[in-house]
Amino acid sequence: MSRDTTKPEPRKSSTAERRKTAAKQAKAEQASDLAVGARLKVVREKAGLTQRELAKRSGVANATISLIEQEAHAPSLASLHRILGAVPISIADFFAIPTSQKNVLFYDAGDLAVVSRGAADLRVLGSERRDKKLQLFVEHYQPGAGTGREPLVHEGETAAIVIEGTIEVTVGGEKRVLTAGGGYQVFGGQPYRLRNIGKIVAVVACACTPPMI
């Protein structure tokens, strides 16, 4: 008798399963952007708790605490509230603390915290230190994209350099076109807007003090 050696075809994932996986990945990315895991580790260690002790106090699985701190799992608001209640610390205070006490921070391109994605892509350095006095943004604007219809207003100082492309800066009734190497500095809460009027992606490095976020 001959044996059927045909291997069964691998089961194809359904659309619902793919959507569920994508949703989990998006949620994990959001948690990473907010540095939930890094903040939780700082809070836990400051309270002198192990992951197991925090899990026991909060009624959450030890594996869940570990995954959160690895930025691999985004807890629901209710779960986060329960975990922080076991420390204890409020959610407001939790997101206000710095996630690092280091005085020197290094970043690769993919490490910058995301402020916004899409036609206007903004990344920021130093998101771990909420006690910083200076904030630096790396901004990418697709052709035609910019900061939006509403002008930006910052009660402090803002300075920027155009790295690539062509940017139109509108301040009050004045418009100025800047290309690579050009820049601007704004004082005292003067409203302004940016727009990429060129044909390539515009890259801008922008610093402000005090920090915007």
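The packing ranking of peptides 102-111, 71-80, highest mean first, is 71-80, 102-111, where packing means the average number of other beta carbon atoms within 10 angstrom of each residue. Modelled spin-label separation between Leu136 and Glu53, with each label point placed 7 Å from Cα along the Cα-to-Cβ direction: 3.8 nm. Ordering 145-152, 205-212 by mean Cβ neighbour count within 10 Å, with the highest value first, yields 205-212, 145-152. 3J(HN,Hα) couplings calculated from phi for segment 138-145 with the Karplus curve 6.51 cos²θ - 1.76 cosθ + 1.60 (θ = phi - 60°) are, in sequence order, 10, 10, 10, 10, 5, x, x, 8 Hz; Gly and Pro show x.
Work out the FRET efficiency for Ala92 and Ile161 from their Cβ-Cβ distance, taking R0 = 41 Å, and round it to the nearest 0.05. Efficiency for this residue pair is about 0.70. Per-residue extension of 0.36 nm, minus the Cα-Cα distance of Ser116 and Leu152, leaves a gain of 11.5 nm for this segment.
Relative to the current alpha-carbon distance between Leu77 and Ile213, full extension at 0.36 nm per residue lengthens the span by 46.8 nm.
Quick note on segment 174-213: its Rg to Rh ratio, both from C-alpha atoms and Rh being the Kirkwood radius, is 0.96. Figure note: Ile83, Ile89, Ile161 ranked by solvent-accessible area, largest first, 1.4 Å probe, ligands and nucleic acids not counted: Ile161, Ile89, Ile83. Scalar couplings 3J(HN,Hα) for segment 53-62, obtained by applying the Karplus form with A = 6.51, B = -1.76, C = 1.60 to θ = phi - 60°, are 5, 5, 4, 5, 5, 8, x, 10, 4, 4 Hz; x denotes Gly and Pro. Averaged over its residues, segment 79-169 has an accessible area of 57 Å² per residue, based on protein heavy atoms and a 1.4 Å probe. Accessible surface of segment 78-213, 1.4 Å probe: 56 percent of it comes from carbon and sulfur atoms.
The values are calculated or read from the model by the stated rules, or taken from the named source; none is laboratory data. In this text, all values refer to a predicted model and were calculated from it rather than measured experimentally. Cβ: placed from backbone, ideal geometry, glycine included. Neighbour counts: every protein chain shown. Please note that ligands, DNA and RNA were not included when accessible areas were found on the heavy atoms of the full protein model with its side chains. Shrake-Rupley method; radii C 1.70, N 1.55, O 1.52, S 1.80 Å.
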